[in-house]
Amino acid sequence: MRYPVSKECVGSNPTPCIPFYRKNIFCMMNVLEDLKKGIIVEINDVKQAISVDKCAHAIFIGNFDLDLIEETIDAVSVPVIASCRIGHFVEAKILEKLGVHVIDESNPNNIKHIKKKEFSTPFMCKVQTIDDAFLRIEEGAVILRTEWGYIDEVIWLINEGKEKGINAMIFCPLKMATPADVAFLFQIGGDAIIVSSQIFRSPNPPKLLDSLVNASRYYNEIDKIADLTKQANKILPAESKQI
């Protein structure tokens, strides 16, 4: 923990837990820092959100579903990232009003992108080229991501970003991830991984998520990554692509 925490965050446990961002201004100021090398989980309902609350570093909601977003913010203690349509500044203002911690301006729309510097909530934007990346940063985005994919489909942004010197965090949205994927992406410079809701199709979602979170913690320790990958391979969803 890199900053003081309130009783709401620590509770009765003397060891600080993942901070309760909604009530702690110090946590709000450091939300981006705390998402670095983190595992973010896409959810489709509040039950899924609650099931990952104690393990994931944040929750991602890809639909502009206000009931789900508000219920999730109230139900969990980790940051919530929620999406709006590209250019739809009113949707973005609603998300900021609800108290989301990061606004994902990535849902398809034929409108010019939002002037993100006018908001106090940080923005994430999906990009398709490195030129897109520079435009989104100029508008005020502090996080960039690709479309959903597997590691071979998302690493271009890390590689080109490093080559061109982009000044933004890079989040990698994976349709499914193994601990080895987590270690790979973090070792080459990825800042966080968004795991799709396919994780809930695993025969043991909590154990699979735990292996990914542990991989994010020990991504430079190959012995631990090997053990975690062995464990995870047994409980990956059947339709997962093996690379």
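Every read-out reported here was derived from the displayed coordinates using simple, explicitly stated rules and does not represent laboratory data. All of these numbers come straight from a predicted model, not from anything done at the bench. With ideal geometry, Cβ positions are generated from the backbone for all residues, glycine too; neighbour counts draw on all protein chains shown.
What ranking of T146, T129 emerges when the number of other C-beta atoms within 10 Å of each C-beta is taken as an exposure proxy, fewest first? Numbers along the way, then the final one.
Details: T146 21, T129 11.
Placing the least packed residue first, the sequence is T129, T146.
Viscosity 0.890 mPa s, temperature 25 °C: give me the Stokes-Einstein translational D for segment 54-150 in µm²/s, with Rh taken as the Kirkwood radius over C-alpha pairs. Write out the running numbers ahead of the final one.
Numbers: Rh = 13.6 Å.
The diffusion coefficient I find is 181 µm²/s.
Normalising by the residue count of segment 66-108, find the relative contact order in percent from Cα pairs under 8 Å and 6+ residues apart. Could the numbers behind the result be given before it?
On the way: 49 pairs, mean separation 18.4, N = 43.
Relative contact order for segment 66-108 comes out at 43 percent.
Name the helices (complete DSSP H segments) of the chain with a Cα length along the long axis of 30 Å or more and a Kyte-Doolittle mean of at least 1.6, or state none.
Values: long enough: none.
For the chain, where a helix must reach 30 Å along its axis and average at least 1.6, there are no hits.
Can you give the helix-only mean residue ellipticity at 222 nm for the chain, where every DSSP H stretch with n ≥ 4 adds -39500 (n - 2.57) and the sum goes over all residues, rounded to the nearest 500 deg cm²/dmol? Can you show the working numbers first?
Numbers: 11 runs with 99 residues, N = 243.
Helix-only estimate at 222 nm: -11500 deg cm²/dmol.
For the chain, what's the relative contact order in percent, using C-alpha pairs closer than 8 Å and at least 6 residues apart? It would help to have the intermediate numbers written out before the result.
Details: 454 pairs, mean separation 37.9, N = 243.
This gives 16 percent for the chain.
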